[in-house]
1. Scan the range 190-213 and give yes if some residue there is within 21 Å of V43 (Cβ to Cβ), outside any loop (DSSP other than H, G, I, E, B), among the aromatic types (F, W, Y) and assigned by TED's automatic domain parsing to the domain that holds L120, otherwise no.
2. Looking at D88, D71, D94, can you tell me which residue is touching a His at 6+ places or on another chain (Cβ under 6 Å) and of a type outside the set (V, I, T)?
3. So D88 passes all but one of these: (1) charged (D, E, K, R); (2) touching a strand residue (DSSP E or B) at 6+ places or on another chain (Cβ under 8 Å); (3) touching a residue at least 60 places away in the same chain (Cβ under 8 Å). Which condition number does it fail?
4. Looking at (1) in contact (Cβ under 8 Å) with a residue 60 or more places away in the chain; (2) loosely packed, with under 14 Cβ neighbours inside 10 Å; (3) in contact with a His (Cβ under 9 Å, 6 or more places away or on another chain), can you tell me which one R100 breaks?
5. Could you tell me which residue of the range 59-96 is nearest to T163 (Cα to Cα), considering only residues that are crowded, with 20+ Cβ neighbours inside 10 Å and aliphatic (A, V, I, L, M)?
6. E89 - would you say it is in contact with a Lys or Arg (Cβ under 8 Å, 6 or more places away or on another chain) and either of a type in the set (K, R) or within 30 Å of I271 (Cβ to Cβ) (or both)?
7. Please specify each residue of the range 171-189 satisfying the condition of being touching a residue at least 60 places away in the same chain (Cβ under 8 Å) and either assigned to a loop (DSSP other than H, G, I, E, B) or of a type in the set (A, V, I, L, M) (or both).
8. Is the range 153-160 home to any residue that is among the small types (G, A, S) and surrounded by fewer than 16 Cβ atoms within 10 Å (Cβ to Cβ)?
Amino acid sequence: MNYLLLLIKARKITLLIISVICAGISANAQYKENSEIGFIGGVSYYLGDLNTTHFSQSSLAGGLTLRKNIDRRFSYKANALILPVNYDERKSEDTIAVDRGLHFRSPIYELSGQIEFNFLPYETGNPLYTWTPFVYTGVSIFNYNPQAENKNGEWVDLQPLGTEGQGTTTYPERKPYSLIQFAIPIGGGLKIAINESFNIILEYGIRKTFSDYIDDVSTDFVGGPQYPLEMSEDAIEMSDPLMTHTKGQERGNPNKKDWYSFAGLTLSFKINNNSKGCDY
């Protein structure tokens, strides 16, 4: 009798395990890949030779995103963002920065492809999976154009000026830098499903670049009192606005590349909401 009871219990346990496994397989099989379009708003800022403080002198930023949800854990994403950055040492409380007196502004136009990983199962429209923290990385290509304001109140493009002697015979090794660069976006945030087709996504991300010229500052001062002959009046003024430095003094650190960051909110909408992931 005891042996028969053990067999019955073993059979029930086996059937329960099989049912749980089949339910899991069925749930995964029922997940439908879907896509989203999102509208992004937030703030952007830069870190480099002029600024080392997060969120200092931030600017309003925004863009569009397209997301392909492969399953409850992984998504692919494409972003198109406008991320203005700027910094003005004339507003700084650091006496060294005020003495250098440099400033710039630049729009950053970024296109990126990213992969996201959700720490928790997540599915828009499924009440079982309504929120998750996530992380992302990928690759970005961006265009920028640093400018500064001259003594006449005009904003001039800095790259053509060669403020650190680029393109002059005095510094033949210094070539004009490219205004198109690559970066690696790294970040994370929180996804919240509001209903069957609408998500709110909070995120913060930082971009590791391979350029030291987002701020047009990298190496050393090239004049004082004598500048390369090829440098224009604007170039000399933008190189050392206060005219307080001599040739060879440190202007920036070429061993540290610039970064830029974005923090914001995405309103994301499902665009192929023709079926539910599970019949719940």
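The values are calculated or read from the model by the stated rules, or taken from the named source; none is laboratory data. All of these numbers come straight from a predicted model, not from anything done at the bench. Backbone-built Cβ (ideal geometry, glycine too); neighbour counts: all protein chains shown.
1. Looking for residues that are within 21 Å of V43 (Cβ to Cβ), outside any loop (DSSP other than H, G, I, E, B), among the aromatic types (F, W, Y) and assigned by TED's automatic domain parsing to the domain that holds L120, one finds at least one in the range 190-213, hence yes.
2. Step by step, each of D88, D71, D94 is checked, and only D88 is touching a His at 6+ places or on another chain (Cβ under 6 Å) and of a type outside the set (V, I, T).
3. With respect to (1) charged (D, E, K, R); (2) touching a strand residue (DSSP E or B) at 6+ places or on another chain (Cβ under 8 Å); (3) touching a residue at least 60 places away in the same chain (Cβ under 8 Å), D88 is out only on (3).
4. The failed condition is (2).
5. V85
6. It is false that E89 is in contact with a Lys or Arg (Cβ under 8 Å, 6 or more places away or on another chain) and either of a type in the set (K, R) or within 30 Å of I271 (Cβ to Cβ) (or both).
7. Listed by number, the list holds a single entry, A183.
8. Initially, the range 153-160 is screened for residues among the small types (G, A, S), giving 153.
Now drop any that are not surrounded by fewer than 16 Cβ atoms within 10 Å (Cβ to Cβ), which leaves 153.
Within the range 153-160, one or more residues are among the small types (G, A, S) and surrounded by fewer than 16 Cβ atoms within 10 Å (Cβ to Cβ).
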